[in-house]
Every structure is written in structure tokens, then in C-alpha cells.
Amino acid sequence: MDEELVERAARVIGRAAGTQAWDDVRGRLVEMCRRVQDDDATLLPEMPHGPDADAPELLPSWWYFLYELLEHAPGAETELRSLVDELSEPAPAMPHSSNGAPAAVRNIVSGGTTLGPVIQANAISGITITAAGFPGALPDPESWPTAADLDPIAFGVRPTHRVRLHPPLPPYVLRDRDHDLDAALGRAREGGGLVLLLGEPFTGKSRTALAAMARGPAGRRVFAPPRGTDLRGLPALLQGRPERYLIWLDDLDEHLGEGGLEPRLLAQLAALKVVVVATMREDVYDACRAQPGGRVLDVAQIVELAREWSPAERERLAGEAARTGDPRLIGAVSSSGPEGVAAYLALSPLLWDEWWRARRADRHPRGHALVRAALDLARCGLTGRLPMDLLLKVHEGYADVTGMERESADDARAWAVGRRYGLLRLLDRVTGDTWRAAPILVEATGRHEELPDVPGPVWGCALEVARTDGAYDYAEIAARARVAFQRAADAGDTSALHNLGLLADSLGEGDEAERWFRRAAEAGEPQSAGRLGRMLAERGEGKSAEPFLETAAEAGDTEAATLLGKLLRKRAARWLKAGMEGGSGEAAHLFGDLQLGRGDVDDAFDSYLRAVDAGYAPVAASMARVNQIWNDNESATVWLRRAADAGDVWASSVLADYVRKENHTEPRRVETVDRALDDIHYGAERGRALDATNLGVLLEERDRADEARPWYLKGYELGDAYGAFRLAELHKKEGDTAEATAWYRKAADLGHLGAKRALGESYG
């Protein structure tokens, strides 16, 4: 966006308000507003209006209105530039049609206020309508404001905030070059002349120059002519007046050329001891020096103003911020960097507005979310380096930002890290691919109520980073999180109750964690129910834990479901044993199955015998299993026959194998090693850990240990502790004690009881 065009337009259009040209000007602005994307009427209420629309204090309002217009109305920049040029230049001579009659034209009186009828003639040349509304006239010097009464914003200083504050600008802080500027003005007061304050954009040239004029002798009057004003009448106007005068030419390049400041006019003003104070950008200064209209620059007293503030200037800034308590200066102390304090104050609202508007689906929603991730983490306390991968992960969680699918991550990143106004980024690089939110944006978050609170998951991410990154103080981040979670909980956010529980648990505050988890569970948070259930179960309150675990299990918490099953099995064993002892055959059978599942074969058999004694026929298949374990095939066959005849599918299948073996019509399925190898190899090749280890066992039993070794290794790599145990056993047989011990350790670390026993560790 053309910032210079916005500033010129704000001044020129503001002056047109209240003149006869205003109806035409306003109509053209309304037409531009109607082309605003998405909402035809968005900007119309923002347009300054009424008889005071040209008041100096409304200049910021014009500035913001035009900024929004250029931002949102397609093609408005060209049309606005044309309008500004029309209002700034003298009206052209009336054109003629092909037959010699005056053609239909639209005449505009610009640059002042008409005080009487306007006469349209066929061809009038050489007339300039100036600020007073008459050809060749300039405003009466007695109407010029004094230097002390100038409104800085009306006379060229950029506003420091999007919303109005009182006072509209923070207190002025003395610059290192103020002494040189005061000295130059002092010399100019003695004999007139031009004092030019030179610097890059956003160095504070206008504010510094206006402050210097205000520091001068009291009562000096200032004329700030609009762009294009014919200044040649100034010497005659000021001739013979005893007062001292200042001419203020902000952006001097707009006041050069015909009718503007040139060496002869400057000499005439100097003879009257009139001081001309001007500002200019360095790049424009270099360009103008080579032009004929720039010769006046050769006789100027130049004072250069740096953008970056010196240590002494920053010390004065800190002192003024402490003295006045002005939040803008306080923010500048902590957040302005090499770009300088003036740039910080002027660009803060622009940078924030651009980022905030980008949340719309048709702009840069993913870029907005990416910067928001860095901002939210900074609000959590992570103001240092943040890996881009972390920002990409966090930004995906903003469900309230719509349209992110329309923008790629690469485009979002490019938008977020691009420079604005040649100075500032929304995301600043720290080192490598680590970033942080621009300090200007971080400081501004406290002034914008529309920014949502940091979501709980982002706080969780911040806590995790603080826990693992030594650059941050975990206790400090946790304290911030507690305040945020408490505020959200007070507002009715039940997930914040859960977060308070997690936070307390991470800090070792068990009782506090349980209190928050209970409140959250009672409010309907299943994740809290699962945490509370586990806490209760761990301290032996299984029955109290069950309803909470069941709530969590029904919500998909597999750990809660598993723990609940274990608790219920324990309770089931207690009551089934009671039923068995009371004479129930069914209870004896089910209790025996629980014991067999735990590996207690003898106790299981005793329970099954109780079922037999009670005449409970369904125990047959279980009795067959026990007899198979003991290799008592005769007894197993009897029980299998009974179970098969009762319809047990498993028993029927096993019995058929037994019959084929006895008849020698077909070998048993697992009787030959080749068939067994094929069966187990199928599962092992498909990543079944137990099959891989079992294949190794089968090979080792057939004296093929070298072939078994890679299958044991694969079983271990797939997570089977028994694979590591078998490798340890092989190394032990080979006499490699050190390697055997290493593999026993790997198996023990995975929970293998035999490995723990081999290492002499407790495994009860």
C-alpha cells in the first residue's frame, strides 16, 4: 500500500470537506466504498462527515478510513490518486468540442474555501485558487497557529494507536540530535534560511521537528501550506511585520518546483528572517538533488536523524516511561528494537490491524493462525525461540479460524515472515528455523480485548516445552497457567478443571489434583473420570474407582477399560469363590477358568473337580484342557468326547485330530516340523512378535540354533521379551556370559520374569 498516498489524501480530502466540491468528492468516495469486498456498506459509517470534517483533529480518522478503503476496495488506489491530483492542482482551462463550443466538463474548486459565487468562463489561464479562496491569496498570518499550539497529528505525525487515546500521542522523548536541531534553528532565526531534518521513513522526523519549533521563542506563528500551494506571495505578505514566522514543509519534496520553495524565494524569506523548517526522506533527498527543483537543498542546514535509538536515548525513554506511566512508552521500552521507537509507535497499530484482518477466510487465515500460535505461546511465557514445527503443530488447533484449507503452510509461512514497510515481520527469526512473535505484537495483546484467551491445549503445549527446554522456568509457566485455568474454570469451562488437575499432578500436589479431577468428573469430563479412577485404584479403593473408570472407558479410554476389567476380575474371583464354596458347580467352573488364566493349573483342576462333584456338565472342555496340559491324552479324549457331544466346537476340532492320529489316516496338524514351520513362519513374516519367537523355539528344538537366532532377534525387535530371553539362553550355552547378561537385561526391562530370575532380581 502507498503510505504517502494515504497521507496526502487524508490532508487534501479533509480540506475539501465543507467546500462546494465536497458533494462531488463524497460521491466518488461512496462509489469506491461500494466496491469493498463482501460488504457494500462496511466503510461508509467510518467516513468523517459533517461541517467539521476538515478539522485538524479528524486527520487521523481520515487516515484510517482511507487506509481501510485501499485495503479492501479493488482498484481504489488508482481512482483515489486521480481524485487527490484533481483536488491538489489548479483547475485546467475548459476544453472545447469539435464545433468550437465549450465541452461539458466537471469543474472543481480545490485547495480552499470559496467565499462567493464561482464564475465559469471559457478559458481562464494562470489563476491559482489558494488556501484563502482567492487568486494569489494566502491566509492572513494573524490566523496562523503558534508553534506551541500545533496539533502534531494534524501536521504530519502518525497516530500511535488504532483507537483514540488521551492524549493522542505519548510525551516527547528528547533525541540526541535535538541539540544540533535547536542550534540550526537558532542560526536560522538570526538570518532566516532552511533547516532540513533528514532521515529514513519512520524515524520520527515530523515529531522531532514540531517539538523543536515548540521549544523555540514563544509566539512564533507557523504556516503549513498544503501540497501544491503557490508560495511566491509569502514575502509580500510578511513584509513589514514585526512578528517572527515559521514555514513548516513536511515532506519538502511536495513543495518544490514551480510556485514552490526555490533559492530565490528562500533568499527573500531569509531577508525577512523567516525560518523554513522541513523534513525529507533520505532516498527522496538523493533523487531531488539531481533535479532542477532540488537546488534549494544545496543551501539547507541538514540535521540527520537515525532510526535506531542510541543507549542514551533509550535511557531517557525509560525515565520518561517511569515518570509518566504512559503505556505506549512502557511498551516501547520493552518491545522496540533496531527499527527504533518512532517506528514502533507508528507501526504497532498497522501491524496489529494487518494480522487481525488476515483471519478472514479470503485473506491469510493459516498465516493468521501461525502467528497466533507464536503470540499465544508468548502469552504463556515462551518469549524465546520456538521451532517452526511447534508453531505448525499448535496452529492446527484453532477451530475458530475458518478457511485454513485454502492456504498452504508454505504460503502462510511466507506471509508471516515477510517484512512490512521494509522494517518489521510478524514472526522474527531467532536462530535457524526457530522464531518468535514480533515484540510489537506481543506488547499489543494487552490492549485488544477481541483476542481470545489462550486455549487450554496451547497451555498444555507450553508447559511441555517448559518442562523439556532448560531455557524456560517451568514453575513460572505453571504459575501463569494456573491463573489462566482458574479464570476459565470460573467462567464455566469444565475442561479447565481437568487442566488444573493435570497441573497440580505435574507439581506433585496429589490431593489438589484429586480435588480438581473429581470436580471435573462430576461436571462431565470423561478424561478426568479416568484420571480419578486410576488414582483411587492405585491406593486400593477399587470399588470407588469403578464408576469413574467405567465413564472413561465408555468414552474410549482404553487404559481405563483395562484397569476396570482387572478390578472387576478381582471382584469376580472373590464372589465366584464364595459361590463355589456354597456348592455352585457353575461358580466352580468359572472360578477354575480364572485360575487357569493366571497359570494356576493345579488350583484350576481342583475347582473343576468341585464342578464335577456338583454334576455340572459344561466343565468338560475345561477338564480336557487341563489333561492336555498334563499330556494325559486318555483322560483328555474322554472329556473332549463329552464336550463335543454337547456342541463345543473347539472340543470337536481337537477330538477329530485325536481320532486321525489314532487311525493313522492323517498326521496331527502340528506333528511334523515342516508343517509347523510353515504355519508359524506365516505369522512371523507378517510382524507377529510371538510367532517370530515361537518359530525360533521350534528351530532350536530341532538343533537349528543358527537359524533360530534371527527370529529371536526379530521377535525382540517387535516387542516380545521372550525373544531377548531366548537369545540370552543361546549366549549362555555358548559361554558368552557378558552377552548373555546384556540380553537378560533387555528381556527383564520388558518385564520377562525368567530374565529377572536369571539376573537375581525380585519378580514377585
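Remarks
- Exactly one residue among Ala342, Ala278 is of a type outside the set (Val, Ile, Thr), closer than 19 Å to Glu200 by Cβ, touching a residue at least 60 places away in the same chain (Cβ under 8 Å) and in a strand (DSSP E or B), and that residue is Ala278.
- When residues in region 166-176 are screened for being in contact (Cβ under 8 Å) with a residue 12 or more places away in the chain and either over 19 Å from Leu305 (Cα atoms) or crowded, with 20+ Cβ neighbours inside 10 Å (or both), 5 of them pass.
- Subset of region 235-248 [crowded, with 18+ Cβ neighbours inside 10 Å and out of contact with any Pro (no Cβ under 9 Å at 6 or more places or on another chain)]: Leu246
- Any hit, region 146-156, residues being without any contact (Cβ under 8 Å) to a residue 12 or more places away in the chain and of a type in the set (Asp, Glu): yes
- Looking only at residues of region 295-305 that are in contact with an Asp or Glu (Cβ under 8 Å, 6 or more places away or on another chain) and at pLDDT below 95, we find that the one that is least open to solvent (accessible area, probe 1.4 Å) is Val296.
- Pairs, first charged (D, E, K, R) in region 558-582, second open to solvent by 100 Å² or more (accessible area, probe 1.4 Å), C-beta under 8 Å, six or more apart: Arg571/Lys543
- Residue match in region 436-449 (condition: within 28 Å of Arg328 (Cα to Cα), of a type in the set (Lys, Arg), touching a residue at least 12 places away in the same chain (Cβ under 8 Å) and open to solvent by 70 Å² or more (accessible area, probe 1.4 Å)): yes
- Index of the failed condition, Gln239 passing every other in (1) under 19 Å from Ser310 (Cβ atoms); (2) free of Cβ contacts under 8 Å to residues at least 60 places away in the same chain: (1)
- Inter-residue pairs, beta-carbon under 8 Å, first at negative phi and in region 700-712, second surrounded by fewer than 17 Cβ atoms within 10 Å (Cβ to Cβ) and of a type in the set (Gly, Ala, Ser), 6+ apart: none
- Considering region 528-549, the residues that are charged (D, E, K, R), open to solvent by 60 Å² or more (accessible area, probe 1.4 Å) and part of a helix (DSSP H, G or I) include one that is nearest to Leu567 (Cα to Cα), namely Lys543.
- Some residue of region 214-224 being surrounded by 21 or more Cβ atoms within 10 Å (Cβ to Cβ) and part of a helix (DSSP H, G or I): no
- Exactly one residue out of Ala271, Ala361, Ala378, Ala312 is touching a residue at least 24 places away in the same chain (Cβ under 8 Å), under 30 Å from Ala484 (Cβ atoms) and exposed (fewer than 15 other Cβ atoms within 10 Å of the Cβ), and it is Ala361.
- Of all residues in region 583-613 being of a type in the set (A, V, I, L, M) and open to solvent by 60 Å² or more (accessible area, probe 1.4 Å), the one that is farthest from the chain's Cα centre (by Cα): Leu609
- Scan of region 518-527 for residues that are of a type in the set (A, V, I, L, M) and in a helix (DSSP H, G or I), ordered by number: Ala520, Ala521
- Single condition Thr431 does not satisfy, out of (1) open to solvent by 30 Å² or more (accessible area, probe 1.4 Å); (2) in a loop (DSSP other than H, G, I, E, B); (3) closer than 19 Å to Arg379 by Cβ: (3)
- A single entry from Ala552, Ala573, Ala560 fulfils the requirement of being under 30 Å from Phe605 (Cβ atoms) and open to solvent by less than 40 Å² (accessible area, probe 1.4 Å): Ala573.
- Region 190-203, subset open to solvent by less than 20 Å² (accessible area, probe 1.4 Å) and at pLDDT 90 or above, residue nearest to the chain's Cα centre (by Cα): Thr203
- Residue within region 503-517 that is assigned to a loop (DSSP other than H, G, I, E, B), over 24 Å from Glu546 (Cα atoms) and of a type in the set (Asp, Glu) present: no
The values are calculated or read from the model by the stated rules, or taken from the named source; none is laboratory data. These numbers come from a predicted model, not from an experiment. Reconstructed Cβ throughout: ideal geometry from the backbone, glycine too, with neighbour counts over all protein chains shown. Side chains included, ligands, DNA and RNA excluded: accessible areas come from the protein's heavy atoms. Shrake-Rupley method; radii C 1.70, N 1.55, O 1.52, S 1.80 Å.
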